Amino acid sequence: MRRAELDSLLRAVKRGRVPPARAAKRIAEAPLERLEFAALDHQRALRNGFPEVVFGLGKTPEQMVAIVRRLHARHGVVLATRVEPSAREALVATFPHAEVHERARCVVLHKRTAARETRGRGQVLVLCAGTADLPVAEECVVTARAMGSRAELISDVGVAGLHRLLAHRQRLGAARVLVVVAGLEGALPSVVGGLTDRPLIAVPTSIGYGSHMKGVAPLLAMLNSCAAGVTVVNIDNGFGAGYAAHLINMGSGARPARGGPRQAAPSRPRHSAPSKARRRSKKRRT
């Protein structure tokens, strides 16, 4: 049960539409569901705002189907990441309406078709340095969208051709939060950080040659960025970046985008003119 669902349930009890006993039963439903191979945390949505996410690596197709089925029944939305091909096929066979994102290796399942068509809120903008970094960048986009953010992707804007990035400067300023995904030398987050005042999450990828050390080189470069305000997640962690970007995006809703309407300055209090009686009293004293 998510916080919004709990609020709705309590309002229904207050208005007499739901008996208190039924509401108590729903709230008291086991927060932890134990399967033979997993313990499902059904209260995570209430604590963190989104149900438990399924990490697919190392799980058998049967395990994935069982976990997703239970989470879907309780929460109505499920995000599974790093889903292996055999598990993806099993999920599609069991849930024909599941959203499959092959390159991102993600599967998203909604309870209602209408939920998939709901437009997200805010603006998360993901920048991808090269085509080879797309699987990580798309994992970030899928995660942010599944959680309820509006997320867009700009690909192939690496530092070898800065004019490609500069063509999107207006979009950088319109976003609430930026995610920059890059491999090789990992310079793109520093460049983007010097062009905008938006929160920036850097994602190093394992794409590179030799001394790139499978992502360690861009990770160290991003951790030592000279641009202020750059936050770094682990190598290839598009999911972690998308999750964090969603939280920042939702938390910054009160802030207008650049060029948006500004709040009017508070007006000065007006002092009323003194009454005739007060003026006559002042004359007598003088």
Test SER225 against the criterion of being in a helix (DSSP H, G or I), over 20 Å from LEU247 (Cβ atoms) and modelled with pLDDT under 95, and give yes or no. no
(1) surrounded by fewer than 21 Cβ atoms within 10 Å (Cβ to Cβ); (2) under 23 Å from CYS106 (Cβ atoms); (3) at pLDDT below 95 all hold for ILE235 apart from (3)
Which residues, taken from the range 31-89, are within 20 Å of ALA245 (Cβ to Cβ), of a type in the set (Lys, Arg) and in a helix (DSSP H, G or I)? ARG44, ARG47
Answer yes if at least one residue in the range 236-245 is part of a loop (DSSP other than H, G, I, E, B) and under 14 Å from the mean Cα position of the chain (by Cα), and no otherwise. yes
Please go through the range 171-222 and give me each residue that is buried (at least 24 other Cβ atoms within 10 Å of the Cβ), over 18 Å from ALA144 (Cα atoms) and among the small types (Gly, Ala, Ser), ordered by number. ALA182, GLY183, GLY186
Check on ALA151, assigned to a strand (DSSP E or B) and touching a helix residue (DSSP H, G or I) at 6+ places or on another chain (Cβ under 8 Å): yes
Among (1) surrounded by 23 or more Cβ atoms within 10 Å (Cβ to Cβ); (2) closer than 30 Å to ALA174 by Cα; (3) modelled with pLDDT under 95, where does ALA115 come up short? (1)
Here are VAL92, VAL100: which of them is part of a strand (DSSP E or B), modelled with pLDDT of 90 or more and either on the phi < 0 side of the Ramachandran plot or not assigned by TED's automatic domain parsing to the domain that holds THR143 (or both)? VAL100
Right, GLU138: outside any helix (DSSP H, G or I), out of contact with any Phe, Trp or Tyr (no Cβ under 6 Å at 6 or more places or on another chain) and either within 17 Å of PRO189 (Cα to Cα) or in the same structural domain as GLY240 (by TED's automatic domain parsing) (or both) or not? no
Being outside any helix (DSSP H, G or I), at pLDDT below 95 and either out of contact with any strand residue (DSSP E or B) (no Cβ under 7 Å at 6 or more places or on another chain) or not assigned by TED's automatic domain parsing to the domain that holds GLY130 (or both) narrows it down to one of ARG262, ARG198, so name that one. ARG262
Being buried (at least 19 other Cβ atoms within 10 Å of the Cβ) and in contact (Cβ under 8 Å) with a residue 24 or more places away in the chain narrows it down to one of GLU139, GLU152, so name that one. GLU139
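The values are calculated or read from the model by the stated rules, or taken from the named source; none is laboratory data. No experiment lies behind these values; they were computed from the predicted model shown. Methodologically, a virtual Cβ is constructed for each residue, glycine included, from the backbone with ideal geometry; neighbour enumeration extends over all protein chains shown.
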